[in-house]
Amino acid sequence: MRRMFFVLVAFFFLLIASCKKDNQVAPTSFFMEAKLNGSNWAGQPYTGYAGDDSLHIQARLPNTQDNIAFVIKYNGTANYQLKGSQSTFYILDASNVDICDYKMDPSFNNHISITAFDATTKIASGNFEVHFVRAYGISTYADKLDFVNGTFRAQLPVNLH
């Protein structure tokens, strides 16, 4: 009986010792939101790599196929001026066919800033402002899109360069 007691106690301590605290952050705490042409826009962000040296941050508006994307050469917390095709907005139909594309309007100061980064959790937060003009798609979509007062919180890729 005494031996059984010691085995149970040892098993209990082994079980307790094998438990570890889960420090994962719930994905629902990630967001990308802004004023889009004066109305609230809030998407779910996704991140990854674009090529060997660039960070891809994208957000999709829930229950739609509206997407905004940024590609930057990540260099920590900084203000990243966006040029050319470093940011796009596009709309897909239900079959994931591209039906409308927007390109950045170069007459604006388009940027994304990473203002905080936690190296342990790989969580970044910051702000953005970007302006687009319709490049492709039917005229029922707006000619211009203005994302202002944008903020985001996203988990960057684990093996961030």
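In percent, rounded to a whole number, the relative contact order of region 16-151 is 20, using alpha-carbon pairs under 8 Å and six or more apart.
Full extension of the chain segment joining ALA42 with TYR141 gains 33.8 nm, where the gain is 0.36 nm per residue of separation less the Cα-Cα distance.
What order do you get for 128-134, 93-99, 116-122, 74-80 when each peptide is scored by the mean count of other beta carbon atoms within 10 Å, highest first?
128-134, 74-80, 116-122, 93-99
Here the label points at ASN109 and ALA78, each 7 Å from Cα along the C-beta direction, are separated by 1.8 nm in the simple model. Taking a Cβ cut-off of under 11 Å around ILE91, the surrounding Lys, Arg, Asp and Glu residues balance to a net charge of -2, with basic ones at +1 and acidic ones at -1.
Volume of the convex hull of region 39-155 (Cα atoms only), normalised per residue: 116 Å³.
Taking other residues whose beta carbon is less than 14 angstrom from the beta carbon of VAL71, and scoring Lys, Arg as +1 and Asp, Glu as -1, yields +1. In the neighborhood of PHE147, defined by Cβ-to-Cβ distances under 13 Å, what is the net charge if each Lys or Arg adds +1 and each Asp or Glu adds -1? Charge balance in the 13 Å sphere: -3. Cβ-to-Cβ counts within 10 Å put LEU61, LEU55 in ascending order as LEU61, LEU55, the fewest first. Here MET32, MET104 are placed in order of increasing Cβ neighbour count within 10 Å, fewest first, which gives MET104, MET32. For region 39-155, a simple Cβ point-charge model (Lys and Arg +1, Asp and Glu -1, everything else neutral) yields a dipole of about 180 debye relative to the Cα centre.
Taken together, the values in this text are just the output of simple stated rules run on the coordinates, not laboratory data. Remember, it's a predicted structure, so these values are computed and weren't measured experimentally. Please note: Cβ atoms are built from the backbone with ideal geometry, for glycine as well, and neighbour counts cover all protein chains shown.
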